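Okay, structure first, notes after.
The values are calculated or read from the model by the stated rules, or taken from the named source; none is laboratory data. Because the structure is a prediction, the values reported are computed rather than measured. Methodologically, a virtual Cβ is constructed for each residue, glycine included, from the backbone with ideal geometry; neighbour enumeration extends over all protein chains shown. Surface areas here come from the heavy atoms of the whole protein model, side chains and all, with no ligands, DNA or RNA. Shrake-Rupley method; radii C 1.70, N 1.55, O 1.52, S 1.80 Å.
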Amino acid sequence: MRKALTSALIDLAAQDERVVLLTADLGFMVLEPFIERFPDRFFNVGVAEQNMIGVATGLAEAGFVPFVYSIVTFASLRPYEFIRNGPVLHQLPVRIAAIGGGYEYGDAGPTHHGLEDAGVMRIQPGLTVVTPADHQQARAAVLATWDLPGPVYYRLGKDDQAVVPGLDGRFELGRIQTVMKGDDVLLVAMGSIAGEAVRAAERLGEHGIMATVAVVSSLNPAPTADLADLLSQFPNVNRSPRVFTVEAHYVNGGVGSLVAEVIAENRIDCQLVRLGVRSSPDGISGGQAFLYRKHGIDRDGIAEAVVRAFTPAPREA
């Protein structure tokens, strides 16, 4: 999604002189097309993420639309107070491009694993939180939200090739996107792991379990009405859970918590299983695929969790 971001920023900067880009000494081999086209609108502040947010806040106050770029943990957690006290409290148009949510920087270790960023960001009122599922949707999301009056947090993946089947780049703020339909279970996925959810749904079909897969790419504003409507279509049957959330994130704070809130606040008669990361780092690291398997959120783990938990209702003869 990084190249999709750069491409979108070039198009935006060409039409609006307010668009500027800041990086904390990252983005090499990605941001160069923007730098070459608009060298006077690019600032490398060095390894100083808090200062980067401060500079961006000042630029936004002066009338610019600054995009700041860094790895997800350094873009969200390290400067969190600066984000809260600057663009959030003053409702300034700072755009935070956080790269590599979940385990995308797997081999770099737990300091680079973005497992709580969506949770801490979505609790801030007035901060738009966008979690695209693939590079096509990332471009659509940036183009749809870049000129909002308040701050925006983009949780962007590194992959510039893979696409989520059935998504076709669709994005609408405050809405969900359904990419598969089935009557037995519902999988609600956030971010680039949506591709694993689709593959899991395909494997469930081999077991005779037909799944609906919904993508949540607008975390704040939350797609509350869409979720409530969709969740109500999967009521409890045989006291068996029929709703599963999937995220490369801790189970608390992200899309699992959002869906639980919608169920509780709307008194929806359905049972939820949250699939995500439930344990703290244990010193064992590796690539994204390895860590997905380790935490049961790869396509096999998702499918196995559904099969274990779901008891199909008797079908009419």
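Answer yes if at least one residue in segment 221-240 is within 27 Å of Gly114 (Cα to Cα) and small (Gly, Ala, Ser), and no otherwise. Yes, segment 221-240 contains a residue that is within 27 Å of Gly114 (Cα to Cα) and small (Gly, Ala, Ser).
Set side by side, the residues Val198, Val215 differ, and just one is part of a strand (DSSP E or B) and under 21 Å from the mean Cα position of the chain (by Cα), which is Val215.
For segment 218-234, name all the residues that are in contact with a helix residue (DSSP H, G or I) (Cβ under 8 Å, 6 or more places away or on another chain) and either outside any strand (DSSP E or B) or open to solvent by 10 Å² or more (accessible area, probe 1.4 Å) (or both). Within segment 218-234, Asn220, Ala222, Thr224, Leu227, Ala228, Leu231 qualify.
Residue-wise test of (1) surrounded by 14 or more Cβ atoms within 10 Å (Cβ to Cβ); (2) out of contact with any Phe, Trp or Tyr (no Cβ under 9 Å at 6 or more places or on another chain); (3) hydrophobic (A, V, I, L, M, F, W, C).
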position: Leu9; (1), (2), (3): yes, no, yes
position: Ala14; (1), (2), (3): no, no, yes
position: Leu22; (1), (2), (3): yes, no, yes
position: Phe28; (1), (2), (3): no, yes, yes
position: Ala56; (1), (2), (3): yes, no, yes
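Scanning segment 64-86 for residues that are out of contact with any Asp or Glu (no Cβ under 6 Å at 6 or more places or on another chain) and open to solvent by 40 Å² or more (accessible area, probe 1.4 Å) returns Phe64, Leu77, Tyr80, Glu81, Phe82, Arg84, Asn85.
Of the helices (runs of 4 or more DSSP H) contained entirely in segment 1-101, those carrying at least 1 residues that are more than 23 Å from the chain's Cα centre (by Cα) and not polar (S, T, N, Q) fall at 2-15, 32-37, 49-61.
Scanning segment 109-119 for residues that are over 23 Å from Asn51 (Cα atoms) and either touching a Cys at 6+ places or on another chain (Cβ under 7 Å) or of a type in the set (Asp, Glu) (or both) turns up nothing.
Annotation: of all residues in segment 237-263 being of a type outside the set (Val, Ile, Thr) and assigned to a loop (DSSP other than H, G, I, E, B), the one that is surrounded by the most Cβ atoms within 10 Å (Cβ to Cβ) is Gly254.
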